[in-house]
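Bear in mind that the values in this text are calculations on the coordinates, not laboratory data. Everything quoted here is computed from the prediction, not taken from an experiment. FYI the Cβ positions are ideal-geometry reconstructions off the backbone, even for glycines, and counts take in every protein chain you see.
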Amino acid sequence: MNDESGTWHYGLIARWWAEFNVAEPGELAYYRAAIRRFGEPVLDLGCGTGRILVPLVEEGFDVDGLDVSADMIAEARAKAAKKRLTLQLIVAPMHELDLARTYRTIYTCGALGIGGRRDHDREALRRAYNHLAPGGALLITDHELPYATQDEMRWARWLPGHRSGLPREWPVDGDRRTTSNGDEIELVGRLVELDPLEQRHTLELRARLWRDGQLVAEETRSLRESLYFVQEMLLMLADAGFRDLSVDVNYTDRPATGEDGWVTYTARKPV
């Protein structure tokens, strides 16, 4: 079962993220450059298992982390302990961000919108603004636009009369991988609901744990996600107080166009 966070990052799914989700060199290079430009300290909002945070701290950057999932934070702590790193990690949703520290750089990678509450997302942006030092920057990376997919049927579901097949059937085959201790975890996902009026969808993930060839555990969890277009995001950022807004092709400094499906937002707090 899920808690009320609207996300599935618990249990076996958190373990999967810790085992198999690794930051790409291009991602880390982008964050390094951004931090050097905007400054430290840094806050990773929705840090998960520390996929980005841990490598940056290992390189000497001053980065704190916050995530709604205690399971993900536990995985991040375990990862840091193996590397003998000391981290400041907080279990809380982004819209309840309330820390004594202010930051020069705050970033959130693919996390804004998870939970399916626009009021929570607006509050998260306001709180991020309040936790930035004057002149600091908020980076929203890995933002997938609703039309980014190359699957025309997926985009067609936004049209009236095209959602009769929901929830979709579970795929027969999932993604099954071997963990560091020899267990196997399989993930399989499906779309459950799409509400174009609310610009929100609900997804499900089924995780299965295999040990010595035997199925020993199975979990099904759901994720609600608000779907944002660029202009709505820019209005929300401006409403939170941010200025000097830019929208770039994801992990680049190249301005995005209508042909780009994944983007990064940069927003500054005025001096």
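Below 8 Å between Cα atoms, with a sequence gap of 6+, how large is the relative contact order for the chain in percent?
Details: 543 pairs, mean separation 52.9, N = 271.
Here the relative contact order equals 20 percent.
Give me the one-decimal nm value for the distance between modelled label points at Arg243 and Gln150, 7 Å along each residue's Cα-to-Cβ direction.
4.2 nm
Magnitude of the Cβ-charge dipole of the range 152-225, K/R +1 and D/E -1, about the Cα centre, nearest 20 debye?
200 debye
How much length is gained on full extension from Val230 to Arg190, taking 0.36 nm per residue of separation minus their Cα-Cα distance? Display every interim value, and only then the final one.
Working: separation 40, 0.36 × 40 = 14.40 nm, distance 2.55 nm.
Going from the current span to full extension adds 11.8 nm.
Please report, in debye to the nearest 20, how large the charge dipole of the chain is about its Cα centre when each Lys and Arg carries +1 at its beta carbon and each Asp and Glu carries -1 there.
Details: 34 positive and 44 negative charges, 119 e Å.
Dipole magnitude for the chain comes out near 580 debye.
So how much slack lies between Asp175 and Asn130, counting 0.36 nm per residue of separation and subtracting their Cα-Cα distance, in nm? Spell out each step's value before the answer.
Values: separation 45, 0.36 × 45 = 16.20 nm, distance 4.06 nm.
Gain on stretching Asp175 to Asn130: 12.1 nm.
Of all beta bridges DSSP finds with both residues in the chain, what is the antiparallel percent, to the nearest 5?
Numbers: 40 of 57 bridges.
Here the share of antiparallel DSSP bridges comes out near 70 percent.
Can you pull out the chymotrypsin sites (Phe, Trp or Tyr not before Pro) in the range 222-271 that DSSP calls coil and that have at most 14 other Cβ atoms within 10 Å?
Values: sites: Tyr228, Phe229, Phe242, Tyr251, Trp262, Tyr265; in loops: Tyr228, Phe229, Phe242, Tyr251.
Sparse-neighbourhood loop chymotrypsin sites (Phe, Trp or Tyr not before Pro): Phe229.
Taking the simple approach of a point 7 Å from Cα along Cα-to-Cβ for both Trp262 and Ser164, what is their distance in nm?
Spacing of the two 7 Å Cα→Cβ label points: 3.5 nm.
Based on alpha-carbon centroids, what's the gap between the range 89-141 and the range 143-181 in Å, whole number please?
So the two Cα centres are separated by 28 Å.
Using +1 at the C-beta of Lys and Arg and -1 at the C-beta of Asp and Glu, which of Tyr147, Cys47, Asn21 has the Cα lying farthest in the positive direction of the dipole of the chain?
Comparing the listed Cα positions along the dipole, Cys47 ranks first.
At a threshold of 8 angstrom on Cα-Cα distance, excluding pairs fewer than six apart, so keeping six or more, what relative contact order does the range 170-252 reach in percent? Don't skip to the end; give the middle numbers.
Working: 115 pairs, mean separation 16.0, N = 83.
Relative contact order for the range 170-252 comes out at 19 percent.
About its Cα centre, how strong a charge dipole does the range 155-198 have in debye, to the nearest 20, once Lys and Arg get +1 and Asp and Glu get -1 at the Cβ? Mind dumping the intermediate values first?
Working: 6 positive and 9 negative charges, 42 e Å.
Computed about the Cα centre, the dipole is about 200 debye.
Between Ile90 and Thr220, with labels modelled 7 Å along Cα→Cβ, what's the label distance in nm to one decimal, could you check?
Result for the modelled spin labels: 3.6 nm.
Which GluC sites (Glu not before Pro) does the range 3-67 hold that lie in a coil by DSSP with at most 15 other beta carbons within 10 Å?
On the way: sites: Glu4, Glu19, Glu27, Glu58, Glu59; in loops: Glu4, Glu59.
Within the range 3-67, the qualifying GluC sites (Glu not before Pro) (loop, at most 15 other Cβ atoms within 10 Å) are Glu4, Glu59.
Select from the range 175-252 those GluC sites (Glu not before Pro) which occupy a DSSP coil region and have at most 15 other Cβ atoms within 10 Å, ordered by residue number.
Values: sites: Glu184, Glu186, Glu193, Glu198, Glu204, Glu218, Glu219, Glu225, Glu232; in loops: Glu198.
Here the GluC sites (Glu not before Pro) that fit, given the DSSP loop and packing criteria, are Glu198.
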